[in-house]
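Before any comments, here is the structure.
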Amino acid sequence: MLTKKQKDLLFFIHQKMSEDDIPPSFEEMKNALGLKSKSGIHRLISALVERGYIERLPHRARALEIKRLPESFLKRDVSGALGVTAGRSMSDVVAINHGSGAVSFDEVPLLGRIAAGTPIEAIRDEGESLQVPQGFIGHGEHYALLVDGDSMINAGIHDCDTVVIRRCDSAENGEIVVALIDDLEVTLKRLRRAGNKIVLEPENDAYEPRILEPERVKIQGKLASLLRTYH
């Protein structure tokens, strides 16, 4: 079990390294957590190292590597963790004082699973939610889906990843979309148009594209962000 300060620091390090792969300085960490001295950061890092969440890399300045994240960073029915928190029931949402501002969260409905392989029944499972850092997904209405399958791996979308989708009913040629087929099946594919046909194109040579009449396909949204799961 991590303390709130330990979780705040772990999230801040993860967020900074997601942006440019460079760990924040001790001064940045001190300011982000609102601490008066760097000694407090040293103690928090030591605690995270002892608990196996981060590792110090020898002979390199500011060298930290995140080894794992708490499962509470994503509440759902799979084992693993993402670089965001999820669910209204969390005892504390990370809010890090960073200079004159704070890191706050937007809430995104987590609707269920979507096939990135053979299409599955349309998603109806609502109720859970995902929290992502404010500004992470941009404007518009969004929802999140857990990827089930490997047909989009060449686009960097793996089985058990979480995709954040911006809700819309149209998309440009070549965009990755959530497509509802015959009002029954839903799948994540790249959208192509070929004459008067809609092509739902996988990003894995082991799968064949699906060529459909336009009236059979409804665009439910397009890919906005990808959240990687670590096992």
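Taking only pairs six or more apart or across chains, which ones have beta-carbon atoms under 8 Å, a first residue in the range 52-80 that is at pLDDT below 75 and among the charged types (D, E, K, R), and a second residue that is surrounded by 18 or more Cβ atoms within 10 Å (Cβ to Cβ) and part of a loop (DSSP other than H, G, I, E, B)?
Final answer for the pair search is Arg62/Pro23; Arg62/Pro24.
What do you reckon, is Ile123 out of contact with any helix residue (DSSP H, G or I) (no Cβ under 9 Å at 6 or more places or on another chain), modelled with pLDDT under 85 and not basic (Lys, Arg)?
Yes, satisfied.
Please find, within the range 7-27, the residue that is modelled with the lowest pLDDT out of those that are among the polar types (S, T, N, Q) and under 21 Å from Ile137 (Cβ atoms).
Applying the filter and picking the extreme gives Ser18.
When you go through (1) modelled with pLDDT of 85 or more; (2) part of a strand (DSSP E or B); (3) outside the structural domain of Thr162 (by TED's automatic domain parsing) one by one for Leu48, which number turns out not to apply?
(2)
Would you mention how many residues in the range 149-164 are within 19 Å of Leu191 (Cα to Cα) and either in contact with a Cys (Cβ under 8 Å, 6 or more places away or on another chain) or in a loop (DSSP other than H, G, I, E, B) (or both)?
Matching residues across the range 149-164 total 7.
Test Lys38 against the stated conditions and say whether it is at negative phi and at pLDDT 85 or above.
yes
Kindly evaluate Ile219 against the criterion of being in the same structural domain as His142 (by TED's automatic domain parsing), more than 17 Å from Gly117 (Cβ to Cβ) and either crowded, with 19+ Cβ neighbours inside 10 Å or among the β-branched types (Val, Ile, Thr) (or both).
yes
The values are calculated or read from the model by the stated rules, or taken from the named source; none is laboratory data. Note that the structure is a prediction, hence the values are computed from the model and not measured. Positions of Cβ are generated from backbone atoms using ideal geometry, with glycine treated the same way; all protein chains shown enter the neighbour counts.
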